[in-house]
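Peer 1: Pasting a structure here, questions to come.
The values are calculated or read from the model by the stated rules, or taken from the named source; none is laboratory data. On a predicted model such as this, the values are computed, not experimentally measured, just so you know. When we count neighbours, we look across all protein chains shown, and the Cβ atoms used for this are built from the backbone with ideal geometry, even at glycine. Protein only, heavy atoms only, side chains kept; ligands, DNA and RNA dropped before computing areas. Shrake-Rupley method; radii C 1.70, N 1.55, O 1.52, S 1.80 Å.
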Amino acid sequence: MSTRTFGRRVPRNEDPRLLTGQALFVDDVHLQGMAHVAFVRSPYAHARILSVDLEAAREVPGVVSVVTADDLGDYWQPGPLLVPPPPIAGCVFHPRTQVPLARDKVRHVGEAVVAIVAESRYVAEDAAELVFVDYDPLPAVVDLEAALEPDAARLHDDLESNLAAHVVQRKGDWEQARTDAHAVIHRRLIYDRGTAAAMENRGIVAHWDPRGQKLTLWDTTQAPIPIRNGVAAMLGLSENQVRVIAPFIGGGFGPKIMMFYPEEMVIPWLSVQLGRPVKWIEDRQENFYATTQERGQIHEAEMALTEDGHILGVRDVFLHDSGAYDPYGLTVPINSQCTLLGLYDVPAYESEFRAVFTSKPIVTPYRGAGRQHGVFVMERLLDAAARELGIDRAEIRRRNLLSPDAFPHDHEIIYQDFTPLTYDSGNYEPILDLALETIGYERFVSEEQPAARAEGRHLGIGVVGYVEGTGIGPYEGARVQVETSGRVSVVTGVGTQGQGHMTSFAQVVAEQLGVEVTDVAVVTGDTDQFHWGAGTFASRGAVVAGNAIHAAAVGVREKVLRLAAEELEASADDLELVAGTVRVRGVPDSAIPLGELAARANPMRGAVEPGTEPGLESTDYFGPERGATAAGVHAMVVEVDAETFQVKILRYVVIHDCGTVINPMILDGQIHGGVAQGIGNAFYEQLVFDEDGQLMNASLMDYLLPTALDVPRIETGHLETPSPLNPLGVKGAGEAGAIPTGALFAQAVEDALGDPAFEIREIPLSPKRLWELWGEWRE
Amino acid sequence: MTVPREIELRVNGRRIRGVVEPRLLLSDFLRHEADLTGTHVGCEHGVCGACTVLLDGEAVRSCLLLAVQADGREVTTVEGLGTPEALHPLQQAFRDEHGLQCGFCTGGILMTLVPFLERCPDPTEDEVRHALSGNLCRCTGYQNIVDATLRGARALRGEEE
Ligand code: FES
Ligand code: FES
């Protein structure tokens with residue numbers, strides 16, 4: 001029997017519980033004596049708090065406690081700076097982090113001001129209605145460019161302006177590139193805000209047990225271990241007094257890792273104060289205000305090219321919307337800056353950005369995490385260049401691809417993980433070729449499009465490329481143990497939000513130990529089980545935790561072989577692990593079940609020799625020296641209705657290279673989901689703020705998520721260029737689907753409309769926006 | 001606040017009694033009073049479909065109903081379909097086709113599809129997509145949900161894979 005599980009479509013271990021409604025999500029936690037919290041949130045984007053009247057709220061029967069910033073005493077502290085700025089020379093960065101409850105001033109609509117604890121959520125909300133906060137409204141800071149004008153209202157009074165950061169990175173000589181160029185393309189490009197809108201809103205249950213002196217927290221977080229460490233520090237508890245459980249999470253996509261959301265600071269404190277369990281579950285409207293968002297940037301970009309379309313250099317100057325605070329440092333704009341370079345050889349690059357405080361919800365990474373902005377800029381410049389130089393769109397990309405012998409490729413700028421941006425491995429031309437072949441580019445351009453046009457139909461094609469820096473450090477760890485039942489347990493620190501970790505991690509172990517995937521039970525996201533690690537972000541689950549699990553499984557395998565060699569009086573080299581047993585190769589009669597071996601490794605009598613350990617267990621860690629770079633090309637055919645500007649996607653192709661594939665079924669699912677979010681981002685979703693900083697579409701009725709009618713069938717193809725940076729050779733894939741979709745949409749829709757002078761320079765689009773742009777351009 | 005009322009309904013074949021405020025949502029009643037947390041709440045304004053249950057056999061959004069409206073009626077939640085050990089054919093098809101990722105939307109989607117497949121046992125892809133269009137899923141891009149539904153329909157019709 002073959003025990004190879006890598007590369008197989010192994011069905012997921014987690015599914016039966018999820019499918020039958022048995023899986024535990026945070027909102028499913030129900031404890032004896034549990035109280036419920038509702039927050040009073042600011043209706044203003046920017047205002048001074050003059051006074052707060054809590055009298056009426058306190059009198060509502062069933063209200064347990066009403067708390068403002070002042071009541072928190074010394075516990076009131078701004079949250080920690082989650083990611084310090086990278087070591088880039090001349091980098092300016094002003095850290096201003098969110099607070100548990102606003103005091104003196106509110107800086108975005110939805111900022112929490114008062115917490116109400118009551119016997120039920122219904123009562124808590126009744127009481128919240130009765131709180132009167134007297135605000136002195138200040139001018140909102142909404143527009144990115146206006147925010148930096150000298151007369152703009154200042155969000156943080158102690159700063160001289162709304163500038164949050166200023167960073168310049170360069171390689172090569174842009175001025176020279178510009179001088180040498182046959183053509184210089186210049187465009188202003190805009191990428192506006194959206195929200196992750198995971199189907200599960202956030203939530204926290206905190207349970208302080210006064211007798212056991214232990215705090216248990218169920219939290220919809222992607223990073224349970226850092227939350228535990230931080231909560232312990234804030235509350236003055238030791239780390240092993242705090243247990244954080246991130247159970248099943250209903251979608252993460254980035255915003256569920258913030259550290260600390262104000263609610264994550266307030267709810268544990270309340271439980272300790274009140275000595276009873278306290279629960280807060282975000283509702284959908286709060287999710288639109290109180291969960292972090294992403295994406296507002298404005299770019300002024302230039303590209304210098306030779307006559308035959310080779311890039312000599314790129315210069316990009318952009319503004320990045322930080323929102324009201326910047327706890328996540330510069331992760332998003334640095335990602336934009338670095339990912340812009342894409343699949344291409346760019347000898348000279350100069351990139352400068354200013355991050356700006358605005359009176360809008362905080363910006364932190366959301367699937368793609370700034371990468372789509374960079375890709376949008378690069379790909380739009382290439383499209384404009386192709387047009388100006390009379391070169392085919394696919395051809396100009398091909399001419400600029402990094403060649404296979406260019407790896408590892410050092411881009412000479414600093415990436416979000418603080419290391420020089422270096423692509424580990426890649427082979428890009430086959431990706432482009434396969435994408436063009438799969439979508440039938442040649443035939444579409446030469447036959448199908450003209451034929452459709454002759455019938456009065458507007459068909460267009462798009463082809464764009466991207467890279468995805470994945471799997472960055474610092475590290476993750478795992479413990480693998482063979483139990484005496486023969487089942488294998490795996491614990492690791494990362495949380496899981498639907499990526500199928502309980503299956504792909506099980507496959508990694510099964511591969512080493514020769515057991516069935518279904519016999520490997522994976523526990524993620526419980527700090528009492530494993531308490532070292534960072535969390536699920538930057539598409540690092542499979543790469544970093546996967547390799548830690550691999551290392552631990554290898555450790556167990558070695559123990560199995562050593563012990564079995566003694567038991568069977570054979571050389572370890574002659575043994576094999578098959579079907580849950582270890583045996584002399586080709587001698588089934590010699591097989592010892594692993595469970596039995598585990599029992600023998602934990603004897604009730606006799607001594608475990610010094611220098612050895614009982615049991616078949618191993619703990620190990622993996623920290624990559626730097627991220628692994630995945631790459632891909634997306635291609636799409638659309639039809640645009642020239643009257644309504646509705647866009648219908650006829651074909652969507654993703655060709656992707658993320659190294660070794662553990663489970664193609666799960667990988668395809670990640671791609672599908674990413675593309676769906678990319679399509680939403682490109683054509684349906686936009687957070688619309690008015691000039692007062694009010695979000696105009698804060699409901700799923702008004703903020704449109706793509707439905708089953710909007711997302712087409714997605715055709716995927718995979719190439720495998722293993723990463724040399726980790727033993728499994730894997731690269732992350734979590735964000736790949738979402739990264740290039742905006743750029744792809746713009747290109748394909750332009751092509752469909754068929755007027756070479758009409759350009760799309762912004763995302764998101766919508767039928768209405770397209771119609772407006774078309775109208776403006778016509779004038 | 002209004003006076004609590006006594007209600008009695010059958011949920012997954014089991015008789016359940018409760019004394020509830022008239023304003024209590026059916027979704028909250030099912031989740032917190034009847035302890036059936038497989039019914040999820042994603043928006044509480046009738047858009048996402050995560051809270052879908054059957055009321056007398058018809059798919060409804062339990063966040064848009066009050067518990068008192070279910071008085072004397074028959075409710076089926078996802079817990080009434082199958083168990084981890086014995087999945088309903090549609091649940092099995094979702095597993096086989098990887099029709100779920102985080103699984104938060106899944107219960108509501110299953111409860112939308114069950115009556116749909118009774119009415120329309122041999123649907124086309126397009127019919128399936130229309131049937132699903134009132135349920136939001138943020139993880140899967142729907143493709144595998146569509147395939148799972150078609151596979152589940154085949155299984156329910158007794159066709160072998
Ligand atoms: S929770 Fe009922 S439709 Fe969203
Ligand atoms: S599987 Fe996550 S929302 Fe559908």
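Peer 1: What are the residues whose amide H is under 5 Å from the amide H of B:H88, where those residues sit 5 or more places off or on another chain and H is modelled from the backbone?
Peer 2: Result for B:H88 returns B:G82, B:T83.
Peer 1: Still on this structure: If we restrict to alpha carbons, what Rg and Dmax does the stretch B:89-156 come to, in Å?
Peer 2: 10.3, 28
Peer 1: Still on this model: ³J(HN,Hα) across the stretch B:58-63 via Karplus (A = 6.51, B = -1.76, C = 1.60, θ = phi - 60°), whole Hz, x for Gly/Pro?
Peer 2: With the stated coefficients, the stretch B:58-63 comes to 9, 6, 9, 8, 6, 7 Hz.
Peer 1: While we're on this one: Excluding residues fewer than 8 places away in the same chain, name every one of the lysines whose C-alpha is closer than 30 Å to that of A:K559.
Peer 2: A:K731
Peer 1: Under the Karplus relation 6.51 cos²θ - 1.76 cosθ + 1.60, θ = phi - 60°, what is the ordered set of whole-Hz ³J(HN,Hα) values for the stretch A:341-349, x standing for Gly and Pro?
Peer 2: Working through the residues one at a time gives 5, x, 7, 10, 8, 10, x, 10, 9 Hz.
Peer 1: Would you mind giving the mean number of other chain beta-carbons within 10 Å of the Cβ of each residue in A:20-31, as a whole number? All intermediate terms of the calculation are to be shown ahead of the outcome.
Peer 2: On the way: counts 16, 17, 6, 8, 1, 6, 0, 6, 7, 1, 4, 0.
Average neighbour count from other chains, rounded to a whole number: 6.
Peer 1: Another question about this same structure. Report A:I298's accessible area, 1.4 Å probe, all protein chains in place, as a number in Å² to the nearest 10.
Peer 2: Counting only protein heavy atoms, the figure is 20 Å².
Peer 1: Taking the dipole about the Cα centre of the protein assembly as shown, with the C-beta of Lys and Arg at +1 and of Asp and Glu at -1, give me whichever of A:L305, A:L101, B:V20 is farthest to the positive side.
Peer 2: It is B:V20.
Peer 1: Once you have a ≥ b ≥ c as the square roots of the Cα gyration tensor eigenvalues for the protein assembly as shown, tell me rounded if a/c is under 1.5, and otherwise prolate or oblate according to whether a/b is larger than b/c.
Peer 2: Note, shape of the protein assembly as shown comes out rounded.
Peer 1: Let me check against my output: what whole-number percent is the relative contact order of the stretch B:5-79, with C-alpha pairs under 8 Å and at least 6 apart?
Peer 2: Result for the stretch B:5-79 is 39 percent.
Peer 1: What residues qualify as long-range amide H neighbours of A:A47, i.e. H under 5 Å apart, gap of 5 or more or another chain, H built at 1.01 Å from N?
Peer 2: For A:A47, whose amide H was placed from the backbone, the distant partners under 5 Å are A:V106, A:L138.
Peer 1: Could you run the numbers on buried accessible area between B and A, total for both chains, 1.4 angstrom probe, in Å² to the nearest 100? Walk me through the numbers before you get to the answer.
Peer 2: On the way: alone 8520 and 29150 Å², together 33170 Å².
Roughly 4500 Å².
Peer 1: Between A:D70 and A:D692, how high is the FRET efficiency from 1/(1 + (r/R0)^6) when r is the Cβ-Cβ distance and R₀ = 30 Å? Nearest 0.05. Spell out each step's value before the answer.
Peer 2: Details: r = 28 Å, r/R0 = 0.92.
Computed FRET efficiency for A:D70 and A:D692 comes out at 0.60.
Peer 1: Can you pull out the GluC sites (Glu not before Pro) in the stretch A:12-90 whose DSSP state is coil and whose Cβ has at most 11 other Cβ atoms within 10 Å?
Peer 2: A:E59
Peer 1: Further question on the same structure: So for each of A:219-226, A:346-353 I average, over its residues, the number of other beta carbons within 10 Å; can you give me the resulting order with the highest mean first?
Peer 2: A:219-226, A:346-353
Peer 1: Identify, among A:V10, A:P43, A:T20, the residue whose Cα sits farthest towards the positive end of the charge dipole of the stretch A:1-60, taking +1 on the Cβ of Lys and Arg and -1 on the Cβ of Asp and Glu, with the dipole about the Cα centre.
Peer 2: Result: A:V10, furthest along the dipole toward the positive end.
Peer 1: Provide a whole-number value for the mean count of partner chain Cβ atoms within 10 Å of the Cβ atoms in peptide B:93-100. Don't skip to the end; give the middle numbers.
Peer 2: Values: counts 1, 3, 7, 4, 3, 12, 3, 8.
Mean partner shielding for this stretch: 5.
Peer 1: 222 nm [θ] for the protein assembly as shown, helices only, -39500 (n - 2.57) per DSSP H run of 4+, per residue, to 500? Walk me through the numbers on the way to the answer.
Peer 2: On the way: 23 runs with 243 residues, N = 940.
Computed ellipticity for the protein assembly as shown at 222 nm equals -7500 deg cm²/dmol.
Peer 1: Roughly how big is chain A's charge dipole about its Cα centre, with Cβ charges of +1 (Lys, Arg) and -1 (Asp, Glu), in debye to the nearest 20?
Peer 2: Using only the charged Cβ atoms, the result is roughly 1400 debye.
Peer 1: Mind checking the angle between helix B:143-156 and chain B's longest principal axis? C-alpha axes, 0 to 90 degrees, to the nearest 10.
Peer 2: That works out to roughly 90 degrees.
Peer 1: Have a look at the stretch B:129-155 and report residues whose accessible surface goes down by 40 Å² or more when the remaining protein chains are included, against the chain on its own, probe 1.4 Å, ligands and DNA/RNA excluded.
Peer 2: Residues shielded by partner chains are B:R129, B:S133, B:L136, B:R138, B:C139, B:G141, B:Y142, B:Q143.
Peer 1: Based on alpha-carbon centroids, what's the gap between the stretch A:686-740 and the stretch A:392-464 in Å, whole number please?
Peer 2: Using only Cα atoms, the two centres lie 19 Å from each other.
Peer 1: Evaluate E = 1/(1 + (r/R0)^6) for A:E129 and A:T419, where r is the Cβ-Cβ distance and R0 equals 51 Å; express this FRET efficiency to the nearest 0.05.
Peer 2: 0.50
Peer 1: Near A:R769, within a Cβ-to-Cβ distance under 13 Å, what is the net charge of the other residues, with Lys and Arg +1 and Asp and Glu -1? Write down the numbers at each step before the final one.
Peer 2: Working: positive: A:R761, A:K768; negative: A:D192, A:E685, A:E762, A:E772, A:E776.
Neighbourhood net charge equals -3.
Peer 1: Let me check I've understood the local charge: for A:A183, count other residues with C-beta under 12 angstrom from its C-beta, Lys and Arg +1, Asp and Glu -1. What total comes out?
Peer 2: -3
Peer 1: Right, something else. I'd like the Karplus ³J(HN,Hα) series for the stretch A:163-180: coefficients 6.51, -1.76, 1.60, θ = phi - 60°, whole numbers in Hz, and an x wherever there's a Gly or Pro.
Peer 2: With the stated coefficients, the stretch A:163-180 comes to 6, 9, 6, 9, 9, 10, 10, 9, 9, x, 10, 5, 4, 5, 4, 5, 5, 7 Hz.
Peer 1: At 0.36 nm per residue, and after removing the present C-alpha to C-alpha distance, how many nm does the segment from A:W771 to A:R387 gain when stretched out fully?
Peer 2: So the chain would gain 136.0 nm between A:W771 and A:R387.
Peer 1: Provide the net charge surrounding A:T492, with neighbours chosen by a C-beta distance below 9 Å and charges set as Lys +1, Arg +1, Asp -1, Glu -1.
Peer 2: Local charge sum for A:T492: 0.
Peer 1: A further question follows. Highest mean first, what order results for A:281-292, A:328-339, A:132-143 on Cβ atoms within 10 Å?
Peer 2: A:328-339, A:281-292, A:132-143
Peer 1: Expected output is a single nm value to one decimal: the length gained when fully extending between A:T644 and A:S238, i.e. 0.36 nm times separation in residues minus the C-alpha distance. What is it?
Peer 2: Going from the current span to full extension adds 140.0 nm.
Peer 1: Report, as an integer, the average count of C-beta atoms from other chains found within 10 Å of each Cβ along A:246-253.
Peer 2: So the per-residue partner count for this stretch is 4.
Peer 1: Just to be sure I understand the model, the point goes 7 Å from the Cα along the line to the Cβ. What's the resulting A:K214 to A:R562 distance in nm?
Peer 2: Computed distance between label sites A:K214 and A:R562 equals 3.2 nm.
Peer 1: Mean separation of Cα pairs under 8 Å and 6+ residues apart, divided by the residue count of chain A: what relative contact order is that in percent?
Peer 2: After rounding, I find 16 percent.
Peer 1: Compare the Cα positions of B:L90, B:P121, B:G103 along the charge dipole of the stretch B:89-156 (+1 at Cβ of Lys, Arg; -1 at Cβ of Asp, Glu; about the Cα centre) and return the one farthest towards the positive end.
Peer 2: It is B:G103.
Peer 1: Placing unit charges on C-beta atoms (Lys and Arg positive, Asp and Glu negative, everything else neutral), compute the dipole magnitude of the stretch B:5-79 about its Cα centre in debye, rounded to 20.
Peer 2: Its charge dipole is roughly 40 debye.
Peer 1: Using Cα pairs under 8 angstrom and six or more residues apart, how large is the relative contact order of chain B, in percent?
Peer 2: 23
Peer 1: Moving on. Assign unit charges at the C-beta atoms only (+1 for Lys and Arg, -1 for Asp and Glu), then state the dipole size of the stretch A:277-376 relative to its Cα centre in Debye, rounded to the nearest 20.
Peer 2: Details: 8 positive and 14 negative charges, 108 e Å.
In total the dipole reaches around 520 debye.
Peer 1: Roughly how many nanometres apart are two label points built 7 Å out from the Cα toward the Cβ at A:W532 and A:R188?
Peer 2: My value for the distance between the label points is 5.3 nm.
Peer 1: What spacing in nm lies between the two simple spin-label points modelled at A:D755 and B:D126, each 7 Å away from Cα in the Cβ direction?
Peer 2: Rounded to a tenth, the inter-label distance reads 3.2 nm.
Peer 1: Under a straight-distance cross-link criterion of Cα-Cα below 20 Å, which lysines are reachable from A:K256, leaving out those fewer than 8 residues away in the same chain?
Peer 2: Within the straight-line limit of under 20 Å, A:K256 reaches these lysines: A:K279, A:K360.
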